[in-house]
Structure formats: C-alpha cells, structure tokens
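The structure under discussion appears below in the form of structure tokens.
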Amino acid sequence: MNEGFWMCGVLAIIFAIIGALFAILKEKAAIFVSGFNSLPKEEQALYDKAYISRDIRNQCLVWTVIMLIGAVMSFFISPYMAIPAFIIWLILFFKEVHFDTRKAFEKYLLK
C-alpha cells in the first residue's frame, strides 16, 4: 500500500474542497478564517473580505497542486516522494501563520 500517495491524495481533496468553498461563497467565506471571525463586527468592516477570501482560495489551490504532484510522484516514482511535498506545504503554511491577529490581517485593511 502506498501511504505517500494516499496521504497526499486525501489532503489534495480536502484543500480543493476548502478552496472551492471560498471560491463559491466569496466574501461571505471570510468568517471561516481563523482569527478574523473573532474580531468585533465593527473591526471586521475595516477589512476587505473579498480579498481575504481570494487569498485563502489561492493558497488552498496552490496547496492542492503541491499535494497532487506529491501524490502522482508517490504513485509512479516512490512513496517517499510525499515527503518533499509535505515539506514544501509546511514551509508555505507556516509562512502565512501569525500569532498576532492585527498583523495577520494588516494587508487586507481597506484603504
């Protein structure tokens, strides 16, 4: 059994579903973003919700492609090809993680 293929494949499906959710719901999906939903409604109005949703959608689609490439390479080359896919995904994921909510959303402030 090829664990690398299945792990990358399942994550690709999950990321694709989340990306589709943000694409379909557009700015309404911004409430699903961690940290943003905990801001007061008055402060949420200061941010561009459509931009937040587009950004999350694009991130999920990039993650989907990375995991699909990892799944294909794991299937055809070696199950260990999932490891570089996970490393690349982790780098991209932690690049976007912020512990300060204000700092995390400062690029989405309305001008």
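The values are calculated or read from the model by the stated rules, or taken from the named source; none is laboratory data. All values derive from a computational prediction rather than experimental measurement. Ideal geometry is used to build each Cβ from the backbone, glycine not excepted, and the neighbour counts take in all protein chains shown.
Residue count for region 60-79 satisfying the condition of being buried (at least 18 other Cβ atoms within 10 Å of the Cβ) and over 14 Å from M1 (Cα atoms): 8.
Look through I17, I13, I91, I24 and report the one residue that is surrounded by fewer than 16 Cβ atoms within 10 Å (Cβ to Cβ), farther than 27 Å from N2 by Cα and not basic (K, R).
Details: I17 fails: farther than 27 Å from N2 by Cα; I13 fails: farther than 27 Å from N2 by Cα; I91 fails: farther than 27 Å from N2 by Cα.
So the residue among I17, I13, I91, I24 that is surrounded by fewer than 16 Cβ atoms within 10 Å (Cβ to Cβ), farther than 27 Å from N2 by Cα and not basic (K, R) is I24.
Please work out if A82 is surrounded by 12 or more Cβ atoms within 10 Å (Cβ to Cβ) and in contact with an Asp or Glu (Cβ under 9 Å, 6 or more places away or on another chain). Here the answer is yes, as A82 does meet what is asked.
Screening region 27-58 for residues that are charged (D, E, K, R) and surrounded by 14 or more Cβ atoms within 10 Å (Cβ to Cβ) and picking the one that is nearest to the chain's Cα centre (by Cα) gives R57. Within region 14-55, being acidic (D, E) and free of Cβ contacts under 8 Å to residues at least 12 places away in the same chain holds for E42, E43.
In region 34-51, what count of residues is obtained for those that are within 19 Å of I14 (Cα to Cα) and at pLDDT 90 or above? Break it down into steps so the answer makes sense when it comes.
In the first step, residues of region 34-51 are kept if they are within 19 Å of I14 (Cα to Cα); the result is 34.
Then drop every residue that is not at pLDDT 90 or above, which leaves none.
Count: 0.
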